[in-house]
Amino acid sequence: MPQTVLITGASTGIGYETAKLFQQQGWQVIATMRSPEKVPELAALPNVLCLPLDVTDPAAIQTTVQTVLQQVSAIDVLVNNAGYGLIGAFEACTPAEVQRQFATNVFGLMDMTRSLLPQFRAQRSGVIMNVSSIGGRMAFPLYSLYNSTKWAVEGFSEALQYELEAFNIRVKLIEPGPIKTDFYGRSATFASQPGLTAYDTFTAQVKAALDSAADAGSPPSVTAQVIYRAATDGSKRLRYPAGGNASAILLLRQFLGDRPLRALTRKLMIRK
C-alpha cells in the first residue's frame with residue numbers, strides 16, 4: 001500500500017510542487033486548496049485527490065479529514081503549507097486583516113494538526129510538516145504581522161515535538177528563503193489605509209527590495225524536495241532551511257548580533 005500525504009494550500013507554488021513530487025515518488029496525495037477547479041492538471045494525475053478546503057474553517061477541516069479517512073487506510077504525513085503574507089506598515093493593517101493573517105497561518109495550521117493527532121497517536125506514527133520561513137527566525141521591514149505568525153509556528157512546533165515524541169510522531173519545520181512563487185504577487189496582501197501616507201516612501205523602498213529578492217529566489221520545486229526529504233529521512237531533526245539561500249541567511253542571523261543584523265537589513269532592504 002502506498003503511503004498517504006495530505007497537503008494544504010496545494011493550488012500553487014510550494015504546495016503544488018510538493019503534491020507533484022510526492023505523486024512522482026509513488027505516494028497517495030490528498031491535495032487541498034480553496035478552489036480545486038483551478039488546477040485540473042493536478043487532479044488528473046494518478047493517485048492524486050484534490051479536495052476543497054479553507055483552513056480558516058474548523059468545521060470544514062473536520063469534514064475533509066473524515067472524508068479522507070473514509071477513502072484511505074491512514075494518513076502518514078501532514079504538510080501544513082497553506083498561508084499568505086500580509087505586507088505593510090502595522091498601522092495600516094485593520095483588525096480584520098490581522099485576524100485573517102493569524103487565522104490562516106497559525107490557527108488553521110493548529111486546527112489541521114489537531115484533527116490528525118488522534119489518528120497519528122492510534123497508529124503510533126506520523127510526520128507533521130509545518131512550512132514556516134526564514135521569517136520565523138528573523139524579522140524584516142513591513143513584515144511585522146507575517147513574521148509574528150511564523151514565529152508563532154516555530155514556537156508551536158518546537159514545543160509540540162516534546163509532547164508527541166512518545167507516540168513516534170515527528171514534527172518538522174521547513175524554513176524557505178526567498179522563493180519564486182505567488183507569495184510576492186497574487187498570494188500577498190498589501191495593507192493600506194486611505195489617508196495614511198506617512199509610510200509611502202519607506203514602503204516603496206522596501207517593496208523594491210522585495211521584488212529583487214523574489215526575482216533572485218529559488219523555484220518552489222527546491223523547497224518541495226526539502227519537504228520530501230524531511231518527510232522520509234526517518235530522523236528527529238526539527239528544522240530544514242529550504243532554498244533562497246536560507247541556510248546562509250539563518251547562519252548570519254545566528255552569528256550576527258542584533259545591531260549588526262539590523263544595520264545589514266536596513267542597508268539591503270531600505271537602502272538609505
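The numbers here are math on the coordinates, done by the rules we state, and not lab data. Worth saying up front: this structure is predicted, and the values here are computed from it rather than measured. Don't worry about glycine lacking a Cβ; one is built from the backbone with ideal geometry, like all the others, and counts go over all protein chains shown.
Relative contact order, whole percent, for region 4-269 stands at 20, derived from Cα pairs under 8 Å and 6 or more residues apart.
Largest first and in whole Å, the equivalent-ellipsoid semi-axes of region 38-81 read 18, 15, 10, each the square root of five times a Cα gyration tensor eigenvalue. If you take all other residues with their beta carbon under 14 Å from the beta carbon of GLY177, and give Lys and Arg +1 and Asp and Glu -1, the sum is +3.
Total lysine pairs in the chain at Cα distances under 14 Å, for residues eight or more apart or on different chains: 4. For ARG239, the amide hydrogen comes within under 5 Å of the amide hydrogens of LEU173, counting only partners 5 or more places away or on other chains and with H modelled in the peptide plane. Once the Cα-Cα distance is subtracted from the 0.36 nm per residue extended length, the GLU91 to LYS236 segment shows a gain of 48.2 nm. Sequence-ordered 3J(HN,Hα) estimates for region 44-50 from the Karplus curve with 6.51, -1.76 and 1.60 and θ = phi - 60° stand at 6, 6, x, 6, 10, 10, 9 Hz, glycine and proline given as x.
Here the convex hull built on the C-alpha positions of region 66-112 has a volume of 78 cubic angstrom per residue. Taking amide H as placed 1.01 Å from N in the peptide plane, the amide H of VAL79 sits under 5 Å from that of LEU6, ILE7, THR8, MET129, each at least 5 places away or on another chain.
The C-alpha radius of gyration of region 207-272, expressed as a fraction of 2.2 N^0.38 Å, stands at 1.37. Over the residues of the chain, the helix contribution to mean residue ellipticity at 222 nm works out to -14500 deg cm²/dmol, using -39500 (n - 2.57) for each DSSP H run of at least 4.
Return the single residue from LYS20, LYS172, LYS150 with maximal mean-square fluctuation; model: Gaussian network over the chain, springs between Cα atoms under 10 Å. Top of the fluctuation ranking is LYS20. What base-10 log of the normalised intensity I(q)/I(0) is obtained for the chain from the Debye formula, alpha carbons as equal point scatterers, at q = 0.16 Å⁻¹? Per q value, in the given order, log10 I(q)/I(0) is -1.25.
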